[in-house]
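Here is the structure we will look at.
The values are calculated or read from the model by the stated rules, or taken from the named source; none is laboratory data. Computed from a predicted model, the values in this text were never measured in an experiment. Cβ sites come from the backbone with ideal geometry, for glycine too, and all protein chains shown count toward neighbours. We work out accessible area using only protein heavy atoms, side chains counted, and drop any ligands, DNA or RNA first. Shrake-Rupley method; radii C 1.70, N 1.55, O 1.52, S 1.80 Å.
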Amino acid sequence: MDTEKLLLKTIRIADIPEIPACAKIAMTTALYGERSIEELLRTVKESPSISLKVLKVANSPLYRRERPISNLKDAIVLLGYKTVKNIVLSISIQELFTKKKSEWFDYGLFFTHSLAVALLSEEFAKRIRTGLEEDLYVAGLLHDIGKAVIFLSDRTRYKKVTDRITRDRVTFREAEYEELGFDHTDAARILFHHWELPERLITSACDYHRTALAGAYDRPLDAVIVGAANEVAHIAGFDTHQKEPRYEICQRSLEGIGIFMEDLDAVIADTKKRIEAVSEALSLQKVNLKGLFDIISDANRELGAMGLENRKLLCDITSKRDMLESLGRISVIALSEKDLETVISGSMEEFCRFFDIQRVACEVFMNDDKSLVVTVYKMEKPDAWERTKEILKRGVYKPGTGYLDLPIRTPDGISLGTVYIPAAAGGGRFSGGEDTQPFLRQLALGLNNVRLFFTNKLKTDRLNILVSRLQEEMEKKRQLSEVNRLILEHSPVGIMSLDQEGKIIQSNPMARIQLGEELDNKSVFGLAVVRSSGLAAPLKRLIEERSTVEWTVEKEKKAVTLRIDTASIEKNKQTLLVIQDITEQKESERIVIQQEKMATLGELAAGIAHNLRSPLAAARGIPDLILSELGSPDGQTKKAVDKKALRDNMGLISDSMGKALKIIDSIMEFAKEEFGVHTPVSLYEVVEGARSLLDHRLAVKEIRFSNRTASCIVQGANKNLLIQAFINLLNNSIDAVENRGEISVTCTKEDNKILVCFEDNGKGIPKEDLERVFEPFFTTSKDAEGTGIGLSITRKIITMHGGFIKARRREKGGTAMDIVIPTE
């Protein structure tokens, strides 16, 4: 913030009283001579207190004439117009501020100093005949008024100024700049402009500090004279603050404006006399003033004391310089050396050299258990040293009696070790311990630097290892990423990832081939093949349930079956779709199942022929019987035709043919290839269809068979395939059951599932084979004549219907096949 802003922020002109009219007339008259005697008299009479004080001063010993002065006109006649003007102006300024003595601002000292500078300025102007006596009297009287302005505007900050003067023994102006950022002459300018004083008067009263006794004669002469008067007033004891340091007399500067040292004592004495007269007349506090001889004597005594103090200071500065050089060398060692022993021994040598100590030991804690102890001895040869070192258990080292223990600590209080110095060390600079602290701090810095170096080196080495490992891992990941990319690009299955909204984030070429269009950044539900197949809703449910679906689509006028598996990518909340073309697999399964059917029919051929022989034999024998009863072909009848018997025989023929046709229909139904047909199917009809084809085998072993599945209906099932599955199960049970055994099929409904239990009381399956019976070509019978894939195909058929099958041993003996099939 610049000076002008600081002034405007601090100075409150509203708190400063306005200058009396008579004072303003006195000032402008002194400068320009434009006011008449009558105008001055009239203005002074308007202020009774000023009039009374003017008469008191006029009748004081300083101005007393042969007869008392009773009115202002007589005062002007007897004393002169100029003298009365000066008296009026002085009293007006004194009246402007209260006479109350503040703790921080002494109005009496302030006015006395201002009056002294005014009188001295007037006297100096007379002696060098400048013709500026009246102007300089006014400038001298107003030169310090800025101090009062600052005090009245901000007493707290003014107190900080006086406190700094007392504490640091600096001049008023130096303290003001330190605390306020400006001085009292800057504050006075604002007041003078507010009072609308002439610019020449403002320059004389405000520029004196710049010229004072410094010999800056390029400034106006009136400002130089006011500055000299201010310095002489301070030297003579006219201070505004009791603790302000004394000024020195610059003889050459005074002679530069025509004032010689032999004249100065008379000038000070005359000024003292005039001020005492005015102070007595105005009842002001007396000031203890000194003559020039006393001033010079005091100055000589102070100079002697200062010389002694300077010599002590010089010795102290020399010692401090030597210490700084030693500390500098220790700093170089601490920052450049990375060896702990070198840092310790080099620092201890500097320690001994500076304090003139013959022997010093230093123990440094290496860790919680060990310490490194380095002892340095000064040899007889100049700058020759002997060093010893040893590693001891921490806390064991004892240097002996008569040693001082000086702890080494970091700035944050961490203990690094101890320096041991003989208590009777001979160096004059060594006084016990406090003077060693800079060395100990520098040593702590060096030790800490070594510790940090090795700590950072260890961290750097570890970081390099980690970076190397990270680079290896990144390379592995890059290679793995490349392998994954190649796998995706050349994978025989389609793969694509979806976000939570179903948008395709990434896909591989096979997925685009399978679905017949570009996929990236499209919604999977908006793909042409999905819309045309009406599979948007099922696909959405598939993704939500993370399940698997087989999906047949039309592609290049061919039916293509795709299996879609889903998986969740938890890290980025995406869904992975794996699409596999299983058209050939489904065709292979169809062929295998069909071949198994044919094989089953081949196995059942003898039984089927037996079942057909009975109804066909009946159908053939009854017509022969009827013909024999009807007679010979020539028309002769042996006996009359029994119409009722004929009707019964024809019914038997019809029943036999119907039974034969039913067996044939079952065989034809079983042999059909209906893989794509799914209709509501009754489990009872499925079981009965399987039983009808194996009825002859049940009859041969006289097996009791029960079918309790009448209440179970499977929606969207393939009846033909289910019959195949139950034929396989029934065949295995017939093989396992002894004569007159039992086989039963039951079902129950549970939620949206059907639980089927296929049981027999045969020899059962060994426990260790229960999981393997559904493996292709696995059999528990050495005499089995089948293909060994019956139960494998059964499980495949059940799985195709969304269910599963499991084998278990019955507690009463035999085997149970538990089947679970969804109702839809």
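Here's how it looks for Gln574: its modeled amide H is under 5 Å from those of Ile569, which are all 5 or more places away or on a different chain. Surface composition of the range 121-189: carbon and sulfur atoms hold 38% of the protein heavy-atom accessible area at a 1.4 Å probe. Need one word for the range 319-361: rounded, prolate or oblate. Basis is the Cα gyration tensor (sqrt eigenvalues a ≥ b ≥ c); a/c below 1.5 gives rounded, then a/b vs b/c decides. In terms of gyration-tensor shape, oblate. Using a probe of 1.4 Å, the accessible surface attributed to Met657 totals some 80 Å² when neighbouring protein chains are kept in position. Over all projection directions, the Cα-based convex hull of the range 432-563 averages an area of 15.0 nm².
Charge dipole of the range 685-823 (Cα centre as origin; +1 on each Lys and Arg Cβ, -1 on each Asp and Glu Cβ, all else neutral): 140 debye, rounded to the nearest 20. The heavy atoms of Glu738 offer some 130 square angstrom of accessible surface to a 1.4 angstrom probe.
Solvent-accessible area per residue for the range 701-749 at a 1.4 Å probe radius, Å²?
Normalised by residue count, the accessible surface of the range 701-749 is 41 Å².
The candidates Ile275, Ile505, arranged from most to least accessible area with a 1.4 Å probe in the full protein assembly, appear as Ile505, Ile275. Across the range 681-742, Cα pairs under 8 Å and at least six residues apart give a relative contact order of 53 percent.
Protection proxy ranking, highest mean first, for peptides 199-209, 460-470: 199-209, 460-470, where packing is the per-residue count of other beta-carbon atoms within 10 Å, averaged.
Each peptide in 480-492, 136-148 gets a packing score, the mean of other Cβ atoms within 10 Å over its residues, and the list from highest to lowest is 136-148, 480-492.
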